[in-house]
Structure formats: structure tokens, C-alpha cells
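Read through the structure below, which is laid out as C-alpha cells, and then see the notes.
The values are calculated or read from the model by the stated rules, or taken from the named source; none is laboratory data. Computed from a prediction, not measured in an experiment: that's the story for all the values here. Note: ideal-geometry Cβ built from the backbone for every residue, glycine included; neighbour counts use all protein chains shown. Keep in mind that these areas ignore ligands, DNA and RNA; they rest on the heavy atoms of the full protein, side chains included. Shrake-Rupley method; radii C 1.70, N 1.55, O 1.52, S 1.80 Å.
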Protein chains: 2
Amino acid sequence: MIGSNTIRLVLNTYSYTRKVFYHARPRQVNDTVSKLLSSKEEKSVNKNVDEDAKTILKIPRGTRDYHPQQMKIREDVFRNIIDSFKQHGATTIDTPVMELTTLLREKYGEDSKLIYELKQHENEDLLALRYDLTVPFARYISQNKISAMKRYHIGKVYRLDSPKMTRGRYREFYQCDFDIAGVYDSMIPDAECVKILVEILDKLAVGQYRVSINHRKLLDAIFTVCGVPAKNFRSLSSTIDKLDKIPWEVARNEMINERGLSPEITDKIWSYVQLHGNVELIDRLRKDPQLISEKLAVEALHDLELLFRYLKLFNVTDKVVFDLKLARGLDYYTGVIFEAVLTEYQYNPQLDDDQIAIGSIAGGGRYDELVQKIDPKQRRVPCVGISIGVERISAIKEHQSLESKDQLKILSTEVYVASAEKHLLEERMKVCNFLWENGFQTEMAYRQNPKLLDQLQYCEKYHIELCIIIGNTELNNGTVKIRHVNTREEFVIPREQLVEQLRLHLSKIRQR
Amino acid sequence: MIGSNTIRLVLNTYSYTRKVFYHARPRQVNDTVSKLLSSKEEKSVNKNVDEDAKTILKIPRGTRDYHPQQMKIREDVFRNIIDSFKQHGATTIDTPVMELTTLLREKYGEDSKLIYELKQHENEDLLALRYDLTVPFARYISQNKISAMKRYHIGKVYRLDSPKMTRGRYREFYQCDFDIAGVYDSMIPDAECVKILVEILDKLAVGQYRVSINHRKLLDAIFTVCGVPAKNFRSLSSTIDKLDKIPWEVARNEMINERGLSPEITDKIWSYVQLHGNVELIDRLRKDPQLISEKLAVEALHDLELLFRYLKLFNVTDKVVFDLKLARGLDYYTGVIFEAVLTEYQYNPQLDDDQIAIGSIAGGGRYDELVQKIDPKQRRVPCVGISIGVERISAIKEHQSLESKDQLKILSTEVYVASAEKHLLEERMKVCNFLWENGFQTEMAYRQNPKLLDQLQYCEKYHIELCIIIGNTELNNGTVKIRHVNTREEFVIPREQLVEQLRLHLSKIRQR
């Protein structure tokens, strides 16, 4: 029997937004579950157990090494994202990986238990590893007395998720945040955040997606209208937030049995949160006399109307949905919230890709009170920001790369210096040095007398474009042989033309 | 009175190699000491104490935030370094910031006490923050059963230095390592490491420097010849390693009183370690019958002869010194060791730059036994590598930037979209969107009706090259005004020519 914990394991297999949609067909779900179950018996990839030795080499549970192939893909993802942030005028900062535990406490609601603490030392503050980049940003803004800033920050964050959840959900992972802090006119920075989100997802070509938009004040107004006590608002948001991965009946039971709401209240909530659509939904809600009697609802609808107007000018309305069940997990949001969700994904049972099921790949929103809450003088600096799910996106790009016929070129090396005969090490070194000094990406074998075949195989394995071959004939004639690794064509050229000929051959190869 | 601790504080003001040369004149040392003493009374920059509030905002002792200006400089430094590593065919990896405490134990000699441990959780391994990138690399090589790899790794490392030492010496800092692992012919990868070091330091233009070279086996042979017991070799290395910042007499006393060596042995050691020179010193040492009777000395001199020969082919011998007092602090080196040291630095008492006194800015060496020591099957993977002191180098570049007349451009923004009149927000948005979609780095004010002066001042402050100004006249005429921010020249152009005209104006400005 497949227990409900296993199902949840499948449903919650990624670390980024703690929110995964699973639209695969039932048979595929079963396949994945079987795979998960059987994999429990396999030796974990993070362990290297040697029965003969006493040493067991492993890395901390829930962490992983990134290999060169993965790093190559991640570098491309990061570069694309950073280019967009910079295009919109952002600078970057860096903050320590650890913060004072007092700063992190009471900022993450139920998730506070997931914070990694350090062992305390005498006369030292109690320290913890950061849980996200948002609270450190608020601390940075406050401590440096900044009143306006547009910054991005890419860094690792730490969450001590329970071991059960660890598969595919990491305890150490990258976040990639862009935030605009400062007192500005309504919805202008918010609209730019959504614009940037769309630009990045389009550029990265992660597949079809939609950006859901909602407003915390609208949710609060709805809860009020439905008769929910104010103290239940945030915990109720957590239940609402799950509505895209659990059926309404399950959520309804949780509201009644765990949150203590009456069936009538619950059903009234449902009549609202199931609504979604475009800008016209704003007008429809304005015709709801009960809702519109709430000041928060009026404010939220005004914000949303403005936001949709700006999004139209930014040419992104086709990507955007006004979705009343979007709630976002974190406590600190105070206004507009958004979340990008993949809507199409081809499941491939050949690959161990359960961790890239359809789901949320970016999110964000307005948090106007976080800096104030931290600031010693309660100075108010409103903020809005987005967080790109780089781990998720990198996993998708890895998957795309595996499926693609194009080989991933990991090494930058463009010219390899080989010798065809023995005793030519120093000649190879001279040529290498000459090429390095002329700016070429160049390598050679670290051997006195490498075999020509080994040298050529290295070039083919790593997709190095050109190979220079020197032998005694070439040395005596003052020539060099240039070989196109891919086509295996060879050209003998005068040694003094080496630099210009290499440039010529490289540009020819790259034009193909 | 200035106590010896204060002097040590001045002498040890940087975190990177725990080794600082201080060649400033005595008066300058005194100036720095006075400055350090008086600064103790100043409010620390890392604290934001508000007397009225109960909250004190601070970051962990020994850590710091990096601001946008600093990040801009660091990005340039990292890019230059990474370009060199890639030019030599390196890939990159990433490993977790934490490792199992068992891995880190007994790897760093006396420094093991500087390791940050995490609070242990039930059923979880004891974890610690990494102390360097070398032990994690050895763990990576072993765990992934790799036999050959050329990789670079840039990441933060953690050392719980005593608070006294904290000023200018950080507990969290970046390391930037390049290593070649694998069984290769003698000294070929070692020579490339020195070559890369020289390339990077030349490219970064950090000032005059030399690369000292020595060999651990030669040091061990010298100790043997002088009659030092083998168990004292590594601790004696630590004393020798300090010889460029403490006078011989002080080191001599330490050897006699703390290490228990006789004055005769000590003086004989001095007769060797004071030697330095170029490749000819190898021949001189070969004429020392006592030394040459030691197998280790013969091996070391053979290695060094080969290395100097390769370095000549790589055209770097003018940067290199064979220096018998170079010992390097870490236990794991087994062969050639090297260290780059700045030899010229203009002290500027106007700047708070005591942390960039002359000193070591990069180092490395061969460590052939570390992987074997870690590997469950004692698999041997010899390694050689370099570590670039990026914190140190970034501090020097910051200093150069402050002294330079050229303004540092922090924002990438090249075109700012401004309005001269009210009610033009949506027009600005449309133009911005058009420019973003055409690839321009573009910003606008997040205000309904910003003042033109404020918009122009923003452009000047952040060195944005061009400002587009739209007003009702321009809108009616189908034109746009382009303003060169620096010269304040203005050009009115037809709106449909916007993209090509902007490209033209930008390329003109950049050619100046």
C-alpha cells in the first residue's frame, strides 16, 4: 500500500517554493512512487561506503555537490537572470551567510523551527544560518539607514527540512532575489517586478507558464466578510495556499477540523477563492456590496486595477492571471503577491526527474512592514520583490540539456597543443605559452611523451575546436599543423602565421 | 605604551594567508598604531546602536556586508581571475558550505580550534562550516572517484579567529582556488600553476610582486641535516614561516625556548634558510655534501631544477625567487610550495587602509597525500594548486578606485527615460518597455510626476550616459529629446529613429 506520506513526498519534491503542482497522469504518478519506494533500498548517491575501510565519506544530509556540467548550466541561468536585473538598473550586495539568531526569530511563522543554529561560543552572539535573503536585506536597509535601493542578491540559504522531505528538496540551496525598497507611487515598482519576472522566464525558455496575481488585503477582506476571526487570517492563508495541490474537500476538512471554522464560513470562503480571471474580475468584485464595504478590499482592488493597467503598458497581460486562491506562505507580505507557475511539462519516465514536476518557479510580493519591524527607530521602508527559483529552473535546464542532441561544451578550451612524436614537451610548452599570451584558451597534456591518440581523444571528448600538432617535420620546416577536431581536416601553415590562422579557423568553425 | 599585542594587531591585519609583511617606515607604523588605538573608542561601523530603542542591529562579529561599490570591484576581480582559470582549461564545481566535522578534524593542525561548528540535531551528523576549499576538494575527488581534474572553486570559508584579531581580519571571507589533481609527469602542472598566478597578478595590476618558491622536502632535508628531531618538523615550519615578519633573533629565541632546539642547531638552520636567489642557488646547494646525502634534498633539487626550466619556457622567471625561508603554514603540503608577495605599496595615511599593508596575496603548493588520507580505499590522487587572495586584492582595487579620478560606474543603466511635464507616467512606461524590449539598459522614476531636475540629478549621480526627455511638445510632434548627461548636449530626433539613434549616441560617447 502506498501511504499518504509517500504521496506527499511525490507532491512535495522540490525545495524552492514548497509548492508543487503535479499534473502527470495517474499511471505516471504510480511509476514515480514505485521508483521512489525502490530507491529507498538503493545506496544513496551521497555516500561512498567501503566495507573494508572504517571511513565513510559523505556530505551533510540534504546538501549536494554541483558537478562541472551542472555548474555550466547554472552559470548560464545566473548570467541570464543577472543580465535582466542589471538591465533594470539594479546593483548587487552580499551579506554574511550567518545572522544573529535574534534577527531571524519570529520572522518565518511555523518555519522558524527550520533555522540552522551554530554552536554558541563564550562571549559571542547566538548565530544562525540565513533562511532566506529577504530578512537579511531588511536588516541591511535598516542598519545602513538606506531609504531607497534597487538590488539583487544571489546566495545560498539554509532550511533544516525534515529528513523525510529531503529527497529532491535540499537543505542548502540558492536563492536569487530582486527587490525595490523605497517610498514610491503605487504599483509602479510592483509592475516592473512582474515585467522582470516575465522577461527572465521568457529568456530562459523554461516552458509555458502563467503568473498568478492576488492581494493580501483582498484576502483579509474576504476572510472578514466570511466571518473568520482575525487571529486565524495567516494560518488560513497557509491552507488556501495549498489549494493548487490539494483538492477543495481536503482543504475544507482542514479548515473545519484543524482551524475550527464552521462549514458555512468555509463554503463562503470557497465561493471567493475559486474565482480567477483577468482584469474584468476586478469589476465583478466591485459589484459585491458586502466585500466593497471593507476598506481593505477597496484599497486592494484599486491597487490591482492600477497594476493591471501598468502590466498592459508593459505588454505582459497575456501571461498574467488574477487568482483569488494565491496566498503565498510567508507572513511578511502586505500587498500585491505574485507567483509564476509552469503550466506545461512533458514527463519523461526515462529520467529520474520527479523533482522537476510542474510547479511554482518564481514568486514575490510587497512587504511594506518588514524593515519597520526590524528598525530600531521603526523607520518605514516599503519593499516589493521577486525571487527566482534558480534551483528549479536549473533542474529544468539540465533536463533540457540531457534531452537535446547538442553536446554541452563544459571546457572553454578552443585550442589544444599536441605532439605527434616523443621529446617535444618543451616545444609544446613554448607554443602553449605563446597562445596564452595571445589570448587563446589553450591546454596541453601534462605528460613528457603523451600518445597522439590520447591527445586527440581528449579534444573530441571535451569538444575542443582546434588541435595544433607539432612533430619534428613541422619543427624543421617552420610549420604547424592545425586540425579541426570535429571534421578531422588538417592544414599545414607557416609557424609565423599561427595567431591569425587560428583566429580565422575558429571564426569559420563558429559560423557553421 | 604600545603593547606587543597591538603591534601584532598591526602586523596581522589581514585574513587571507595569515601572513603579512609590513615594510612601511617606523613612523608609518606608529601612525597606524595610533589610529588603531583611537578607533577603539569610535562606534563600530557594524553596529547601529539606538539609545532610545531596545533593539540593537548588528551582524555577526568578524563578518561584513559588501556594498554595491565593493561588489562592482569584486565582480571585476572575480571575472579576471575566472577568465584566466578558464583560459587554462579549468571547470568549476560547488560544494556545501558545511561539511561533516569528522572530515575537517585533524586537517589543519593548530588551526582546528578555529572551525565553526553547528548545533547538533537528533539523529544528524555533527556539522561544521568549511575552513578552506582544499579539504572539501579532496573529499569531492575521493567521494566521486575522480582520478584527474582541473577545477576552480570560488566560495566563502569560515574561521573563528579570536576577537582581538578581528579588525581587518574576517571570520567569513572568500577563497578562490585553482587545483590540478591527477598523476602527471613531474612539475608540468606545478609550472602551469605558477604561470597562472603571474598572469592573474599582472592582469589585475595590483603592484609589484615576487613569487617565492621552495620545496617541503628540501626543508625537511635541511632540518634533518641540522639535527632537528622529525617530530618537530611541522611546528618548526610554522616558526620559519614567520621569518619575513619577525626578525631572526625573535625566531631564534622561539626555536630555543619553545621548540627546545640547541643554539647550534638553530644557527645551522639559519645558515640555510637565509639563502635565496635564482636557479643558480640549486647548483650551489648541490655542492653541499651533507645536504646532498639526504635523498629528500636530491629529489627536491631535481624538482626545482625542472620547475625553473619550465618557468623559463613560460616566461615568468623574472617574477620568481627561490627562497629557502618560505615554509607555508598548512600541514598538507608535500612538495613544491609558492607564495606571491607584494613588494611595493604606497602607504596613504589619509585612508583607513591598514588592512592592505604589503604582504602575501596568493599562495599554493603540491599536496600529494591529502586525498589518500581521506579516501576510504587510500586511493592516491596527487594534487597541486593555488589560492588567490581575493579579499586582499579586492581591498587593493578598492583603494586604487578611491585614489583614481575616474568615477566608478556602479549601475549598468545607459538610458534614463524622463518627462519634463506632469501626467506622462504612462508615456514613460511605454518608452521604457520599448527600450527594454530592444535590449537597452533602461530606468525611469517610480513616480507619477517626478521633477525634471530630480531625474537629471539621478542620471548624473549614477553616470548614466543618456537621458531621453519626453514632454507634450515631443509627443505632439512625434519626436524625442536625447540628452548627453555628461556634456548636457541635447538632440531632438524623430520617435521612429529612437533605437538606431540611441545606439549611435551610445557608441559615440563610449569612443571618447
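Roughly what % of Cα-Cα distances in chain B sit above 46 Å, to the whole percent? Numbers along the way, then the final one.
Numbers: 34879 of 130816 pairs.
Of the Cα pairs, 27 percent sit more than 46 Å apart.
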TODO: Specify the angular offset, from 0 to 90 degrees and rounded to the nearest 10, of the alpha carbon long axis of helix B:295-313 from the longest principal axis of the alpha carbons in chain B.
DONE: 30
Task: Shielding by partners, peptide B:427-433 (average Cβ within 10 angstrom, other chains) - done: 4
TODO: Over the range B:356-416, calculate the relative contact order: mean separation of alpha carbon pairs under 8 Å at least 6 apart, over the residue count, as a percent.
DONE: 31
TODO: Report the label-to-label distance for B:PHE233 and B:GLU124 in nanometres (one decimal), using points 7 Å from each Cα along the Cα→Cβ vector.
DONE: 4.1
Task: Three-way shape label, the range B:49-181, alpha-carbon gyration tensor, a/c 1.5 - done: oblate
TODO: Compute the acute angle (0 to 90°) between the alpha-carbon long axis of helix A:248-257 and the principal axis of greatest extent of the alpha-carbon atoms of chain A; round to the nearest 10°.
DONE: 50
TODO: Highest first, please rank the peptides A:472-478, A:368-374, A:280-286, A:322-328 by the mean number of other Cβ atoms sitting within 10 Å of their residues.
DONE: A:322-328, A:368-374, A:280-286, A:472-478
Task: Length added when fully stretched, B:PHE491-B:LYS86, from 0.36 nm per residue minus Cα-Cα - done: 141.4 nm
Task: chain A, helix-only ellipticity at 222 nm - DSSP H runs n ≥ 4, -39,500 (n - 2.57), divided by all residues, nearest 500 - done: -12000 deg cm²/dmol
Task: Accessible area in the full protein assembly, largest first, 1.4 Å probe, for A:ARG447, B:ARG366 - done: A:ARG447, B:ARG366
Open item on the list: Taking 8 Å as the Cα distance limit and 6 or more residues as the minimum spacing, I'd like the relative contact order of chain B as a percentage.
Closed with: 16
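Can you pull the mean other chain C-beta count within 10 Å for peptide B:81-92?
Mean partner-chain Cβ count within 10 Å for B:81-92: 5.
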Open item on the list: Using protein chains only and a probe of 1.4 angstrom, how many square angstrom of A:SER262 are accessible, to the nearest 10?
Closed with: 40
- [ ] Hey, can you grab everything whose amide H is under 5 Å from the amide H of B:TYR367? Only 5+ residues off in sequence or another chain; H modelled, so Pro and N-termini drop out.
- [x] B:THR334, B:CYS383, B:VAL384, B:GLY385
Open item on the list: Need the full-extension length gain, B:GLU249 to B:VAL298, defined as separation in residues times 0.36 nm minus the C-alpha distance. One decimal, nm.
Closed with: 14.6 nm
- [ ] Give the calculated FRET efficiency between A:GLU280 and A:ASN144 to the nearest 0.05, with a Förster radius of 51 Å applied to their Cβ-Cβ distance.
- [x] 0.70
Task: Distant alpha-carbon pairs in the protein assembly as shown (separation over 38 angstrom), percent - done: 55
Open item on the list: Per-residue Cβ counts within 10 Å, from other chains only, averaged over A:137-146: what number is that?
Closed with: 3
Open item on the list: Quick check: net charge around B:GLU474, other residues with Cβ under 11 Å of its Cβ, Lys/Arg +1 and Asp/Glu -1?
Closed with: 0
TODO: Would you kindly work out, in nm and rounded to one decimal, the distances from the label point of B:GLN274 to those of the same position in each other copy, ordered shortest first, with label points 7 Å along Cα-to-Cβ?
DONE: 9.3
Task: Contact surface B-A: accessible area buried, both sides summed, square angstrom, 1.4 angstrom probe - done: 9100
Task: For A:VAL480, distant residues with modelled amide H under 5 Å away - done: A:ILE493, A:ARG495
Open item on the list: Which one, A:GLY359, A:HIS302, A:SER394, projects farthest toward the positive side of the charge dipole computed for the range A:267-414 from Cβ point charges (K/R +1, D/E -1)?
Closed with: A:HIS302
Task: Three-way shape call for the range B:415-511 based on the alpha-carbon gyration tensor, with the a/c threshold at 1.5 - done: rounded
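Restricting to chain A, compute how many DSSP beta bridges are antiparallel as a %, nearest 5.
On the way: 52 of 65 bridges.
Rounded to the nearest five, the antiparallel share is 80 percent.
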Task: Surface accessible to a 1.4 Å probe, A:CYS459 within the full protein complex, Å² - done: 0
Open item on the list: If I stretch the segment between A:GLU264 and A:ASP318 completely, what's the gain in nm (0.36 nm per residue apart, minus their alpha carbon distance), one decimal?
Closed with: 15.9 nm
TODO: With +1 on each Lys and Arg Cβ and -1 on each Asp and Glu Cβ, and nothing else charged, work out how big the dipole of chain A is about its Cα centre, in Debye to the nearest 20.
DONE: 300
Task: Within straight-line cross-link reach of A:LYS325, lysines at Cα separation under 18 Å, skipping those fewer than 8 residues along the same chain - done: A:LYS19, A:LYS217, A:LYS242, A:LYS245, A:LYS268
- [ ] Convert each backbone phi in the range B:217-223 into a coupling constant with the Karplus relation 6.51 cos²θ - 1.76 cosθ + 1.60 (shift: θ = phi - 60°), then list the ³J(HN,Hα) values in order as whole Hz, x for Gly and Pro.
- [x] 5, 5, 4, 4, 5, 4, 4
Open item on the list: Compute, for the range B:415-511, the length of the dipole vector about the Cα centre, with Cβ point charges of +1 (Lys, Arg) and -1 (Asp, Glu) only. Units Debye, rounded to 20.
Closed with: 160
TODO: Kindly flag which residue pairs out of B:LYS113/B:LYS373; B:LYS231/B:LYS295; B:LYS156/B:LYS405; A:LYS150/A:LYS319; A:LYS231/A:LYS295; B:LYS145/B:LYS295 have an alpha-carbon separation exceeding 27 Å in this structure.
DONE: B:LYS156/B:LYS405; B:LYS145/B:LYS295
